[in-house]
Each structure stands twice: as C-alpha cells, then as structure tokens.
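Structure first, commentary second.
The values are calculated or read from the model by the stated rules, or taken from the named source; none is laboratory data. What you see is a predicted model, and the numbers here were worked out from it, not measured in a lab. Positions of Cβ are backbone-derived with ideal geometry, glycine not excepted, and every protein chain shown enters the neighbour counts. In case anyone asks, the SASA skips ligands and DNA or RNA and just uses the protein heavy atoms, side chains included. Shrake-Rupley method; radii C 1.70, N 1.55, O 1.52, S 1.80 Å.
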Amino acid sequence: MRHFPPRRIVCLTEETVETLYLLGEQDRIIGVSGYAVRPPQVRREKPRVSAFVSADIPKILALEPELVLAFSDLQAGIVADLVRAGVDVHVFNQRDIAGILAMIRTLGALVGAAERAEGLARDLERRLAEIAATPRPSARPKVYFEEWDDPLISGIGWVSELIEIAGGEDVFPELRHRQAAKDRIVSAEAVREAAPDVIVASWCGKKVVPARIRARDCWNEIPAVRDDRIVEIKSPIILQPGPAALADGLDAIVTALWGGLK
C-alpha cells in the first residue's frame with residue numbers, strides 16, 4: 001500500500017462493501033462484486049469488476065487498487081492472480097457471528113475507522129442480545145434452513161446461530177462448523193426424520209419455488225409443509241456474512257418463526 005489508510009479499495013464480496021458504507025468510508029471503494037446490492041446506490045456508484053469465483057483481473061489492475069478485499073478459499077484463484085501482479089490483498093474468512101463482528105472491527109482498523117467500527121459492532125451485539133432475550137409465546141420451533149435445493153444443503157454457520165437467537169431450533173446444528181457446502185449436504189430422508197416446523201430457504205442467488213419443496217417425496221408429512229410454513233429469505237440479506245445477516249436477515253428469520261413479533 002502506498003497510503004494508510006488505503007485510498008483505493010476493491011471489494012470482491014458484498015459484506016465488505018456494505019460495511020464500508022456503514023462506516024462512511026464508501027469513497028475509498030473503486031470497484032465491487034456484481035453481487036453487491038447493499039446499499040442500493042452501490043449499483044450506480046461503483047464499477048463491477050467480479051462475480052464470486054471469477055474476476056476481471058485486467059479491469060481491477062487498471063483501477064490501480066491499493067487494497068483488494070476478498071473472502072474465503074473460493075476466491076483463492078483470484079487472490080493468487082492479484083498477488084502475482086503485486087496487489088495487496090486481505091482475505092476474510094468469517095463463518096459465524098463472532099467472525100462477522102471481527103470482520104467489521106478488522107475492516108474498520110484497515111481504513112482508519114476503528115472507533116466507528118467498534119460502535120457498529122457493539123450496536124449489532126446489543127441487538128442480537130435483545131432479540132435472544134425476547135420472550136416467545138410458545139416452544140422453540142424446529143427449523144430446517146435450505147441453502148441449496150439440488151443437492152440439499154443446510155447448516156451454514158451464522159444462519160444456524162441466527163435461528164437460535166430468533167428463538168428457533170436448527171434441526172442440523174452439527175453442520176454449522178463445516179465450512180464447505182459439500183460437507184453440509186443432507187438427505188431428503190434426514191429432513192423428513194427431523195420433522196421441522198418451519199422451512200426457511202435461500203437458494204443462493206435463485207428464486208425459491210415452494211411448490212418444488214412441497215412436491216418432494218413424502219415431504220407432505222413434514223409439519224412445515226403440512227402447515228404451509230415454507231419461507232423464502234432473499235440471499236443478499238442472509239447468505240452474505242456481514243451486517244445484513246445480523247440485521248435484516250435476523251428480522252426475516254424472526255418473522256418466519258413468529259409472524260413479525262420481535
């Protein structure tokens with residue numbers, strides 16, 4: 001980096017974009033992922049330079065970034081190309097709520113906004129604690145979260161934790177520590193046996209079709225299907241491990257479980 005804090009930042013995933021906007025540091029952003037939609041103005045304010053597992057390396061280099069922010073081993077190929085080209089890269093790897101909060105604090109430090117980042121993280125922590133402590137009118141409903149439909153993938157870490165904070169019980173809590181999606185594949189039979197009261201689905205960038213869920217073999221026996229409690233949560237607010245998941249994503253889970261009671 002030529003300057004500290006870095007003046008020219010490229011963000012290859014949405015959660016760092018949203019965090020920088022929340023910190024008031026959006027002027028540092030010179031390029032974003034095509035999946036960045038929060039806040040809404042980012043789509044008209046910032047050039048798109050990447051998808052998720054692919055990126056326009058020449059376009060990124062032409063922007064002369066001082067720092068590129070990436071996420072996880074899924075972007076390792078992009079990161080390697082950028083490092084070989086002499087670009088400074090920071091790769092986050094948050095998979096749970098503690099990791100999301102650490103990402104916010106770390107990013108704040110990287111851009112010289114540590115105090116504001118600490119305030120943002122503490123506000124989110126307080127809100128999580130308040131929602132977790134909210135009395136609920138009945139027993140904890142069993143929840144199956146579906147990240148993908150073919151094969152069935154469940155158990156993404158921070159969502160599993162948010163289900164519990166919202167007053168539900170994740171039917172596959174043991175999967176939350178498995179980072180790779182392939183390690184979180186579940187069978188249709190296992191979901192039937194778990195008998196969830198609520199099915200929350202977010203199919204990672206494509207529209208959820210409840211009719212397809214209802215049509216699965218013998219799933220009409222599942223309480224969530226029988227009682228028509230299949231709820232879609234849009235992926236930008238639940239599958240990005242950043243502030244959106246801890247705010248709008250959590251609200252959506254609360255609504256799915258309790259009909260809007262907070």
To the nearest 10 square angstrom, how much accessible area does Arg192 have with a 1.4 angstrom probe? 70 Å²
Among the listed pairs Lys46/Lys207; Lys46/Lys182; Lys46/Lys142, those beyond 30 Å (Cα-Cα): Lys46/Lys182; Lys46/Lys142
For a quick check, take a GNM of the chain with Cα springs below 10 Å and name the residue from Ser154, Ser202, Ser54 with the largest mean-square fluctuation. Ser54
With a 1.4 Å probe and all protein chains in place, put Lys46, Lys59, Lys142, Lys234 in order of accessible area, largest first. Lys234, Lys59, Lys142, Lys46
Segment 1-127 - accessible surface per residue (Å², probe 1.4 Å): 47 Å²
Taking the alpha-carbon distance from Lys206 and a cut-off under 15 Å, which aspartates and glutamates remain once sequence neighbours fewer than 8 residues away in the same chain are dropped? Glu146, Glu147, Asp149, Asp150, Glu232
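Given Cβ point charges of +1 (Lys, Arg) and -1 (Asp, Glu) and nothing else, what value in debye, to the nearest 20, does the dipole of segment 30-79 about its Cα centre take?
320 debye
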With charges only on Cβ, +1 for K and R and -1 for D and E, what is the dipole size of the chain about its Cα centre, in debye, rounded to 20? 540 debye
Relative to the longest principal axis of the chain, what angle (0 to 90°, nearest 10) does the C-alpha long axis of helix 114-132 take? 0 degrees
If Asp197, Asp123 are ordered by their accessible area, calculated over protein heavy atoms with a 1.4 Å probe, which sequence runs from highest to lowest? Asp123, Asp197
In the chain, carbon and sulfur make up what percent of the accessible area (probe 1.4 Å)? 51 percent
Of all DSSP beta bridges in the chain, antiparallel share, percent nearest 5: 20 percent
Rounded, prolate or oblate: which fits segment 88-133, taking a ≥ b ≥ c as square roots of the Cα gyration tensor eigenvalues, rounded meaning a/c under 1.5, else prolate when a/b beats b/c? oblate
The correct ranking of Leu128, Leu22 by accessible area at 1.4 Å, largest first, is Leu22, Leu128
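What value, in deg cm²/dmol to 500, does the helix sum -39500 (n - 2.57) over DSSP H runs of n ≥ 4 give at 222 nm once divided by the residues of the chain?
Values: 12 runs with 99 residues, N = 262.
For the chain, the value works out to -10500 deg cm²/dmol.
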